[in-house]
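The values are calculated or read from the model by the stated rules, or taken from the named source; none is laboratory data. Quick caveat: nothing in here was measured; it's all calculated off a predicted structure. Positions of Cβ are generated from backbone atoms using ideal geometry, with glycine treated the same way; all protein chains shown enter the neighbour counts. For the accessible areas, the whole protein counts, side chains as well, though only heavy atoms, and no ligand, DNA or RNA atoms are used. Shrake-Rupley method; radii C 1.70, N 1.55, O 1.52, S 1.80 Å.
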Amino acid sequence: MLQNDTVAAATANSAAAPSATNASPASLRVATHSEGTAALSAAVPRPRARPNLLTGAQEQTAIRYNRGKRFSRETIRGYQNVVRTPDDGDFGPNTVEAIARFQSQNGLEVDGKIGPATKRTLDAQVHHDAPTPNQPEPEPDADPQPVRDGGLTAHFALNEFRSKDGAGFPRSVIPVLRELAENLEVLRAEVGPIGITSGYRSPAHNRAVGGAKNSYHVRGMAADITVAGMTPRQVRAKVLSLIASGRMKQGGIGLYSTFVHYDTRGYAARW
Ligand SMILES: [Zn+2]
């Protein structure tokens, strides 16, 4: 690390000098890998992550159209979460571009507008965690040393359940997550590796994505799962049969277009 920093600093100095136009490919490579040197950022234009799908005029039209729908901020955040753009609860150019990409990926008309067809497709993917009994959320802020890493069970690591905002795990959540993972091990033995698209959610992240207030994700009792080569409907059928035979714990099962929600609440809830 130290050596790289030294090289980057040296390159930054030479980039500021008049001979910068003669920068060799090697020094440009160093520049690309180094961060935080303003002179180099200016000298090496960053490629756009993705091309825009809409013209500027189309973006503005879509923003006006979507704002005119008067969706609640929570609803907009849910949609932003589905289309993988920062969830600030408002429509702007980045959000309508993300909606356009979502439309393109889902075979919809690509205009950035949340018309009836796009809304139906979005709604099917917004995560509505089932309402839960009045139990307090765990208070991670009261935990001075959240757990950052480690193994949970034979095939699941804590990291796979990490909250998307990068928050650590409150200690009280670990045994709860382990019980969840042990149940997922039973499913894994039948169907193979399981992808966890959402596991633990910190209270802050849960609020940001418009999750249910007492979401089981916040308590470490829920996972949204996918299995390669199986549809969500097939995964759900497998979980149902494993619960029926007493091998997986009774709980909540939610079917979504791209994943299945499973939680270990201890009584049957289906949606
Ligand atoms: Zn879920």
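Pairing each residue of segment 65-86 that is closer than 15 Å to K113 by Cβ with any residue that is among the small types (G, A, S) and in a loop (DSSP other than H, G, I, E, B), provided the two are 6+ apart or on different chains, yields C-beta distances under 7 Å for I76/G89. Please give the number of the condition G246 fails out of (1) within 13 Å of the ligand (Cβ to nearest atom); (2) on the phi > 0 side of the Ramachandran plot. In the conditions (1) within 13 Å of the ligand (Cβ to nearest atom); (2) on the phi > 0 side of the Ramachandran plot, G246 misses (1) alone.
Only a single item in (1) open to solvent by 30 Å² or more (accessible area, probe 1.4 Å); (2) within 12 Å of the ligand (Cβ to nearest atom); (3) not small (G, A, S) is not met by K238, and it is number (2). Before we move on, is I225 under 20 Å from E160 (Cα atoms), without any contact (Cβ under 8 Å) to a residue 24 or more places away in the chain, open to solvent by less than 60 Å² (accessible area, probe 1.4 Å) and within 12 Å of the ligand (Cβ to nearest atom)? Considered against the rule, which asks whether it is under 20 Å from E160 (Cα atoms), without any contact (Cβ under 8 Å) to a residue 24 or more places away in the chain, open to solvent by less than 60 Å² (accessible area, probe 1.4 Å) and within 12 Å of the ligand (Cβ to nearest atom), I225 comes out as no. Considering segment 152-271, the qualifying strands (runs of 3 or more DSSP E), each wholly inside and each with 3 or more residues that are within 26 Å of T85 (Cβ to Cβ), run over 195-198, 222-226. Do the conditions hold for T231, that is, is it touching a residue at least 24 places away in the same chain (Cβ under 8 Å) and open to solvent by 30 Å² or more (accessible area, probe 1.4 Å)? No. Of the residues G210, G195, the single one that is open to solvent by less than 60 Å² (accessible area, probe 1.4 Å), closer than 21 Å to R77 by Cβ and within 15 Å of the chain's Cα centre (by Cα) is G210. Restricting attention to segment 71-94, the residues that are open to solvent by 10 Å² or more (accessible area, probe 1.4 Å) and at pLDDT 90 or above add up to 3.
Based on this model, can you work out whether Y256 counts as more than 20 Å from D165 (Cα to Cα) and more than 13 Å from the ligand (Cβ to nearest atom)? Before the answer, list the steps.
Details: more than 20 Å from D165 (Cα to Cα): yes; more than 13 Å from the ligand (Cβ to nearest atom): no.
So Y256 does not fit the description; no.
Residues that are more than 12 Å from the ligand (Cβ to nearest atom) and either more than 17 Å from G78 (Cβ to Cβ) or open to solvent by less than 20 Å² (accessible area, probe 1.4 Å) (or both) within segment 198-207 comprise S202, P203, listed in sequence order.
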